[in-house]
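These notes concern the structure reproduced below.
The values are calculated or read from the model by the stated rules, or taken from the named source; none is laboratory data. Predicted, not measured: the structure shown is a model, and the values here were computed from it. Please note: Cβ atoms are built from the backbone with ideal geometry, for glycine as well, and neighbour counts cover all protein chains shown. The accessibility values were calculated without ligands, DNA or RNA, using every heavy atom of the protein model including side chains. Shrake-Rupley method; radii C 1.70, N 1.55, O 1.52, S 1.80 Å.
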Amino acid sequence: MHEENKAAANGCGKIRSGAQNGAALLALMEKTGYSMVQQNGQRKFGGPPPGWAGPPPPHGCEVFVGKIPRDMYEDELVPVFERAGKIYELRLMMEFSGKFIGVCVSLDNCRLFIGAIPKDKKKEEILNEMKKVTEGVVDVIVYPNATDKTKNRGFAFVEYESHRAAAMARRRLIPGTFQPWGHTIQVDWADPEKIVDEETMQRVKVLYVRNLMISTTEDKIKAEFNKFKPGVVERVKKLKDYAFVHFYHREDAVAAMSVMNGKCIDGASIEVTLAKPVNKESSWKQHFNGHISPSSENLLGFPNREDGTQKSLGKPASLSVHLNGQHSPGLPEIERSTYPIFPGIKLTPISMYSLKLSHFSSAVMHLDYFCHKNSWAPPEYCLYSTTGQDGKILLVYKVFISSIADDSQSYFMPEKLCTTVEDAKELAAQFTLLHL
C-alpha cells in the first residue's frame, strides 16, 4: 500500500514520526502560550490558558469528543475546536480508535455511587473514610434505612469538586484495592440528576418529602403540612418512606418547603424539596431508540395480516418484546448461565436498582426498574378473568402507572388473554412499556 493510502486509511493526510510530533506540539505551545502536562493516561493542554483570570468555566461548558484518529494530536485538534470559541482546557487520552469522531455534551458527573457500606456507619464516618483515600471530596449523601433510622441503606453518594477528581477516585476505589472497615465496596458512577428547565420548575406545586417513617400515614403528612396554613394541601401520595405533597397553589408549596424542611414527623427528620416533573416524551420507547420489532407488535395486539387478523400467541414461552433498540425478537440478550458458589466466596448485599438494565430479562422487572428511575410510583397490577368457550379461566392484567411529580395517572391493558398468571403479568408489562 502506498504511503498516502496508508495515511488515508488511518484518517489523516500524512504520517509523522515521533520527532515530528514533538516538534509540532512544541510549536503549538510557543504559538499559543498554553502549557502541556501528561499524567494519568492523558495529556492536558491549558487549564487555565495564559492570561486567564477568575474561576474555571462552570458546569455545562465541556464537551466529550470520541473516536479521534489514533495519529491526530493537539496541533491539529486545537485549530478545529477553536472555531467554536476560546479553549480553556483540552484533555487528550492516550488510547483511541479511528473512523469518524463523535461529539456530545459532557455529563461532567462529579458524583460516585458507593455500595456495600456497613449499615451501622454514620455520614461523618463515611465522609472521613472517603477523604482518607481520595482527593476533592465535597460531601457524602447517606439515606437512612426505611425501617431503622439509626442505620443507613448500605450505600452512599460521594460528591467531588470536579469530574476529574471523581474519575480519579473511581479508579482509586476499584473493588479489591480498597476495603474500608474490612468490606469490599462497590463503586460506579452515580446516575446524573434529571435536568429540568427553569421555566418548568417555576410552575411546580408539588413537594418531594424524604426520610419519612414507614408507619407515617398520608393523613398525618397532610395534617402536618396544613399546619402552617390550613387547607393549602390538595392531596398526598406516600410510597414507602417518601411522599409527594400536592398543593393548590405554587406559592404555598414554596412557603411550605421553607417551613417544613428539617421538621420532625413521627420521630424522623424530613427533607423537603420541589418535585421534578417527568417528561413522558422521554419514556421507554425513546430510551431504546423507539424501535419495535415485528414479533412484539404481533404479540401485543397489532395486526400482522392485510385483513387485520392476527396469528395466535403460540406457546407461553414465546412471550417476547423488543426493548433494546435492535431488530431481533426477545428481550436484550443476557448471559443466563449458572456458576458454582465456591467455599469462602463473599456475597455482598445489593439493591436491584443499582444494577444495569441489561441484568433484567423480564418485562415485569424492566417496568419496575423504569418506573423507579423516573421517580414514578411502582406499577400496580389488577387481575381480571373471564371464561373461554372451552370453559378455561382466562386472565388479563390492567397496569396503573402514576407519574406522581406531574400529577398524572395512566392505565394500560393488552387486548389478549392468557391462561397463566405469570404470562398475563408479563404480557401486561410488555404492553405498558410499549405504550408509555
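What the table shows:
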item: Candidate set from the range 337-382 (those that are over 25 Å from Pro118 (Cα atoms) and among the small types (Gly, Ala, Ser)); member that is surrounded by the fewest Cβ atoms within 10 Å (Cβ to Cβ); result: Ser337
item: Residue match in the range 240-252 (condition: in a helix (DSSP H, G or I), modelled with pLDDT of 85 or more and surrounded by 14 or more Cβ atoms within 10 Å (Cβ to Cβ)); result: yes
item: Selection from the range 388-397 of residues that are of a type outside the set (A, V, I, L, M) and open to solvent by less than 40 Å² (accessible area, probe 1.4 Å); result: Gly388, Tyr397
item: Matching entry among Phe64, Phe81 (being more than 30 Å from Gln179 (Cα to Cα) and either at pLDDT 90 or above or surrounded by 18 or more Cβ atoms within 10 Å (Cβ to Cβ) (or both)); result: Phe81
item: Neighbours by Cβ (under 9 Å, 6+ apart or cross-chain): first from the range 77-91, assigned to a loop (DSSP other than H, G, I, E, B); second among the charged types (D, E, K, R) and surrounded by 12 or more Cβ atoms within 10 Å (Cβ to Cβ); result: Tyr88/Glu62
item: Inter-residue pairs, beta-carbon under 6 Å, first in contact (Cβ under 8 Å) with a residue 12 or more places away in the chain and in the range 131-155, second open to solvent by 30 Å² or more (accessible area, probe 1.4 Å) and of a type in the set (Ser, Thr, Tyr), 6+ apart; result: Arg153/Tyr143
item: Conditions (1) surrounded by fewer than 17 Cβ atoms within 10 Å (Cβ to Cβ); (2) of a type outside the set (Val, Ile, Thr); (3) modelled with pLDDT of 85 or more; number of the one not met by Ser35; result: (3)
item: Given (1) open to solvent by less than 30 Å² (accessible area, probe 1.4 Å); (2) modelled with pLDDT under 85, index of the condition Leu90 fails; result: (2)
item: Index of the failed condition, Ser385 passing every other in (1) exposed (fewer than 11 other Cβ atoms within 10 Å of the Cβ); (2) at pLDDT 80 or above; result: (1)
item: Residues of the range 215-225 classified as crowded, with 16+ Cβ neighbours inside 10 Å and without any contact (Cβ under 8 Å) to a residue 40 or more places away in the chain, total; result: 2
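Matching residues to (1) in the same structural domain as Pro57 (by the TED database); (2) open to solvent by less than 80 Å² (accessible area, probe 1.4 Å); (3) under 18 Å from the mean Cα position of the chain (by Cα):
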{"residue": "Ile117", "(1), (2), (3)": "no, yes, no"}
{"residue": "Glu135", "(1), (2), (3)": "no, no, no"}
{"residue": "Val140", "(1), (2), (3)": "no, yes, no"}
{"residue": "Thr150", "(1), (2), (3)": "no, no, no"}
{"residue": "Val158", "(1), (2), (3)": "no, yes, yes"}
{"residue": "Glu161", "(1), (2), (3)": "no, no, no"}
{"residue": "Leu173", "(1), (2), (3)": "no, yes, no"}
{"residue": "Pro180", "(1), (2), (3)": "no, yes, no"}
{"residue": "His183", "(1), (2), (3)": "no, yes, no"}
